[in-house]
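Chemist: First the structure, then my questions, so here it is.
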Amino acid sequence: MTTIPPTSSVTSPVERPATEGKPPFGTLLTAMITVFAQDGSVDLDGTAAVAERLVDDGCDGLVVCGTTGEYSTMTDEENLSVFRAVKDAVGARVPLLAGTGSNDTEHSRYLSRAAEKIGMDGLLIVTPYYNKPTQAGVEAHFRSLADSVDVPIMLYDIPGRAGVPIATETLISLAGHPNIVAVKDAKADLFAATRVLAETDLLYYSGDDGLTLPWMAIGAAGLVGVTTHVATAEYRRLIDAVRAEDLVTAQRLNRELEPVVRATMTRAPGAVAAKTILMWQGKLPRNTVRLPHVPPTEAEAALIRSDLEASIISGTID
């Protein structure tokens, strides 16, 4: 049985981040891939190199071992080794959120405490999936985890994967916990989120790459994206334009990024497409993924290439 590590020795309460100025998690976060060697083993040096390039190109925060990082097909030891590798590579430069969600509260508690001990700056915790708990169970899950650590938590609301949403009333209630400070929203209910933004001080992040502009228009802090692997600088310009209230530039960039989002997010799973495009860009030596993911079929790859041919990043594709 896995032994749960002790919580951090830091005993002072976590202060809720201010929503004014630059958010403490950053504004452009990539939910980064985990690089695998040809044999499927974790390539720590390759993963660290991806993190360094993303930060060099404009990311001011990273999510490590989230869905796109294929954390669910990795052992706990592999996940923790990736946390350490990315922390060592860029932890002094940008905030790092560890993906520690699970449908087993105790398993998530173990990963969350271990990530805190490693020195990750925050946690991304997804709604417990497959179990389909009630809203009372969803709230109890998140509260129990938030009580177990002294680092800030971003909730990940993605009913398409989890099977259940985090209801508006549940989010408003959870906002009272000092460690629960943000939401990555992938259910695209901007109207419901407007109420949460009005009644709480939770920070919102778009969890849909193609909706970054509308999300920020209603007050979101930024994006936690996948397409940002392959168009990092372009997303940096889009987010900076919104923050500078330059709507004309933001609208233009939003339109120009649409085919890139289509290529990365609609033709194959995000991890598969992102790794493949990065390989075509010469930024990744291989596009190895773990089962049940497989590389794109010839037909899928052709669609991805077709989307990219007339896109803002067409010149980067081999």
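Chemist: Within segment 127-150, work out how many residues are among the charged types (D, E, K, R) and either crowded, with 19+ Cβ neighbours inside 10 Å or in contact with a helix residue (DSSP H, G or I) (Cβ under 6 Å, 6 or more places away or on another chain) (or both).
Modeler: Residues meeting the conditions: 1.
Chemist: In addition: Taking segment 219-264, which residues are of a type in the set (A, V, I, L, M), under 18 Å from the mean Cα position of the chain (by Cα) and surrounded by fewer than 19 Cβ atoms within 10 Å (Cβ to Cβ)?
Modeler: Result: Ala233, single match.
Chemist: Within segment 87-97, is there a residue that is in contact with a Ser or Thr (Cβ under 8 Å, 6 or more places away or on another chain) and buried (at least 20 other Cβ atoms within 10 Å of the Cβ)?
Modeler: no
Chemist: For Arg236, indicate whether it is more than 30 Å from Arg305 (Cα to Cα) and among the basic types (Lys, Arg). Spell out how you get there, then give the answer.
Modeler: Details: more than 30 Å from Arg305 (Cα to Cα): no; among the basic types (Lys, Arg): yes.
Answer is no for this residue.
The numbers here are math on the coordinates, done by the rules we state, and not lab data. Computed from a prediction, not measured in an experiment: that's the story for all the values here. Please note: Cβ atoms are built from the backbone with ideal geometry, for glycine as well, and neighbour counts cover all protein chains shown.
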